[in-house]
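Below: one structure, written as structure tokens.
Only the coordinates and a few stated rules stand behind these numbers; no lab work does. Just so we're clear, the structure is a prediction, and the values are computed from it rather than from any experiment. Here Cβ is always computed from backbone atoms with ideal geometry, including for glycine, and neighbour counts include all displayed protein chains.
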């Protein structure tokens with residue numbers, strides 16, 4: 001009986017020791033570990049993405065008179081009366097290419113400078129120009145080629161189209177299947193192309209700095225890169241996984257020993 005109790009204490013000691021060593025490794029993989037101890041200052045709101053040269057815009061004009069709106073909708077092919085409805089379907093629309101000067105050529109209205117405007121700005125501008133011409137006018141505007149790219153140590157790296165022109169850093173990582181255990185959560189990079197320059201930002205995702213950052217919402221063609229951890233860190237993380245399995249086995253063994261002791265009393 002004394003040997004059984006001694007064995008039980010030995011197993012318990014090993015479990016405690018392994019659990020402490022495993023905690024050190026978990027600090028490398030758990031997101032936002034300081035979230036309960038910090039106060040976020042910035043009110044995170046959806047970023048108003050600005051239109052840039054090289055963007056492609058989908059612009060659709062709707063109104064009560066389907067013939068009156070025809071000249072204002074740029075289509076890939078001529079649209080028959082049967083499928084016009086209130087401005088044709090989105091599939092029939094031809095996108096407007098924003099040239100190097102930030103302009104598009106809009107039917108009837110001619111050249112429009114849209115670079116630096118948001119989709120809402122363009123929508124308001126068209127309303128101001130066409131409200132008196134088109135009864136019950138509504139307008140749809142979006143950046144058709146809005147994409148974000150996630151590379152490196154993620155489960156599904158790739159380029160992801162964003163239909164509503166709004167996506168957060170964390171949503172993009174989720175679309176890529178989250179980071180692998182081999183990804184360095186402390187050195188995640190955001191690469192952004194704007195105003196002819198390449199900018200990069202580094203984030204430690206074990207801390208909550210990203211949640212308080214203006215880079216929380218992504219812009220078109222942003223790149224998130226998750227670098228691999230060092231070989232030494234990879235070995236430590238692998239060893240930590242082994243320790244977790246060993247801890248689980250020892251806990252099971254301890255339960256069996258306790259059961260045997262209880263049955264032999």
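A few remarks follow.
- Taking other C-beta atoms within 10 angstrom as a stand-in for reagent exposure, 100, 171, 153 fall in the order 100, 171, 153, fewest first.
- Between residue 160 and residue 101, the contour length at 0.36 nm per residue exceeds the Cα-Cα span by 18.6 nm.
- Each of 68, 211 was scored by other Cβ atoms within 10 Å of its Cβ. Listed from fewest to most, they are 68, 211.
- Put in order of Cβ neighbour count within 10 Å, fewest first, the listed residues 97, 155 become 155, 97.
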